[in-house]
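Engineer: I'd like to ask you about the structure that follows.
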Amino acid sequence: MASDSERGRRSRARRAKLGVVRAAVVPRHGPAEVIQVRGDWPEPGPPGPGEVLVAVQAAGLNPSDTKIRARGRPGGVDLPYVAGREAAGRVTEVGPGVEGLEPGQEVFAFFGWGARPGGHAERLVVAASSLALRPPGVPVHEAAGLPLAGLTALQGLEALGAQAGERVLVTSGSGGVGHLGVQIAAALGLEVIATAGPANLDFVGGLGAAEVLDYRDEDHRQGLRGIPYLLDSVGAANIESYLGCLSPGAKVAAVAGVPGDLANGITVTPIRCEASSERLTRLSELMRAEQLFVAVQDVFALDRVVEAHRHLEDGHVRGKLVIAIAP
């Protein structure tokens, strides 16, 4: 009797012969239940100049995936589509002009909408400039959950420009962006103050935060006077609630929304994740140095992708959720 892995290999071989892949497809906007796990999604085709074909092993699930599925996005998105904007897997083919990559290498990538198809599919074609080599010894599920949140946190800290020894406030320190932001900031030598729910105070403290505050405590802002830097991944209203804690001329990196009125020379930089093999390589180096890891709360098989979307939308996920694409 064939094992599950052997049956999976035969099934993938049959789909490859037919020119199709297995994928989580969003046919229309709506609740999680609209997602269809299909075995007949068109093969993404050979890589073009500067592109790489990747056999996907695992892919991250992010709040933006659920929001776009539910409501679309500014400028629209063509339907149907395959969700997922980050993935980890193995290079199977490289296009013309690609240097430094070859079939068989383990990689991870953030590609926004610049991939054929999205990450929640067995194969995708992605720009070589959007990926980096997976660090040796790092589990594939952990690598799959790093790119979008890790790049966002790194871009936010770069925008702040804080120097070693300076204080930075990281809100939602147990979330996807937050728990990576705490670690990266600590690796940069910053004094990290983070907020988290009561169940995650010890977890965030273990990431390198010098102080962790319970955001549910109405008095937790009293000890935050004069903070010069804020990395926020919650939203505009949350930033507004901390404006009184910031020093004149403070800098804010806003991942999830920008507040309206600002005073005291406070500046806010909106952060939108950008594909960058250079930044991904930097994150990879931090992982290799054991200064960064991805907390994967749960891994869902592709057949359970609807359940994964529901779970993320329920809130209070510690770290990341990941979709296992290959068995």
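A short reminder: the numbers here are calculations on the coordinates, not readings from a lab. Just so we're clear, the structure is a prediction, and the values are computed from it rather than from any experiment. So basically every Cβ, Gly included, is an ideal-geometry build from the backbone, and we count neighbours across all protein chains shown.
Engineer: Once a ≥ b ≥ c are taken as the square roots of the eigenvalues of the Cα gyration tensor of region 144-193, is the result rounded (a/c under 1.5), prolate (a/b larger than b/c) or oblate (a/b not larger than b/c)?
Structural biologist: Values: a/c = 2.10, a/b = 1.56, b/c = 1.35.
Prolate, since a/c reaches 1.5 and a/b exceeds b/c.
Engineer: Once the dipole of region 122-259 is set up with Lys and Arg at +1 and Asp and Glu at -1 on Cβ about the Cα centre, which of Leu213, Ala186, Gly226 lies farthest towards its positive end?
Structural biologist: The residue sitting most towards the positive pole is Ala186.
Engineer: If each of Ala289 and Asp202 carries a label point 7 Å out from its Cα toward its Cβ, how far apart are those two points in nm?
Structural biologist: Using points 7 Å along Cα→Cβ, the separation is 2.9 nm.
Engineer: Also, I was wondering about something else. Amide H to amide H under 5 Å from Ala87: which residues, 5+ apart in sequence or cross-chain, H placed 1.01 Å off N in plane?
Structural biologist: Gly60, Ala109
Engineer: Please state the charge dipole magnitude for region 95-213, taken about the Cα centre, from unit charges on C-beta atoms (+1 on K and R, -1 on D and E), reported in debye and rounded to the nearest 20. Display every interim value, and only then the final one.
Structural biologist: Working: 4 positive and 10 negative charges, 53 e Å.
Once rounded to the nearest 20, the dipole reads 260 debye.
Engineer: Related question: Can you pull out the trypsin sites (Lys or Arg not before Pro) in region 223-292 that DSSP calls coil and that have at most 16 other Cβ atoms within 10 Å?
Structural biologist: Qualifying residues, ordered by number: Arg225, Arg272.
Engineer: Quick one: putting +1 on the C-beta of Lys and Arg, -1 on the C-beta of Asp and Glu, what dipole do you get for the chain around its Cα centre, in Debye to the nearest 20?
Structural biologist: On the way: 32 positive and 36 negative charges, 222 e Å.
Around 1060 debye, computed over the chain.
Engineer: Determine the gain in length on full extension of the stretch Lys67-Ala210; use 0.36 nm per residue of separation and subtract their C-alpha separation, reporting nm with one decimal. The partial results should precede the final answer.
Structural biologist: Values: separation 143, 0.36 × 143 = 51.48 nm, distance 3.30 nm.
Taking Lys67 through Ala210 to full extension adds about 48.2 nm, to one decimal.
Engineer: Subtracting the Cα-Cα distance from 0.36 nm times the residue separation, let me have the gained length for Asp314 to Thr92 in nm, one decimal.
Structural biologist: Length gained, Asp314 through Thr92: 76.3 nm.
Engineer: Let me ask another. To the nearest 20 Debye, how big is the dipole of region 90-157 about its Cα centre, given +1 on the beta carbon of each Lys and Arg and -1 on that of each Asp and Glu?
Structural biologist: The calculation lands at about 140 debye.
Engineer: Cut-off is 10 Å between beta-carbons; in what order do Phe110, Phe293 appear when sorted fewest neighbours first?
Structural biologist: If I rank by nearby Cβ atoms, fewest first, I get Phe293, Phe110.
Engineer: Along the charge dipole of the chain, pointing to its positive end and built from +1/-1 on Cβ of Lys, Arg, Asp and Glu, which listed residue (Leu262, Ala295, Gly165) has its Cα farthest out?
Structural biologist: Value: Ala295.
Engineer: Moving on to the next point. By how many nm would the segment from Val20 to Gln163 grow when fully extended, if each residue of separation counts as 0.36 nm and the alpha-carbon distance is taken off?
Structural biologist: 46.5 nm
Engineer: While we're here: Name the residue from Gly72, Ala59, Trp41 whose Cα lies farthest towards the positive end of the charge dipole of region 30-100, charges +1 on Cβ of Lys and Arg and -1 on Cβ of Asp and Glu.
Structural biologist: Most positive-ward Cα: Gly72.
Engineer: To continue, here is another question. Let me know the longest stretch in the chain that avoids all GluC sites (Glu not before Pro) found in a DSSP loop with at most 14 other C-beta atoms within 10 Å.
Structural biologist: 100-217
Engineer: State the volume of the convex hull built on the alpha-carbon positions of region 36-187, expressed per residue in Å³ and rounded to an integer.
Structural biologist: 147 Å³
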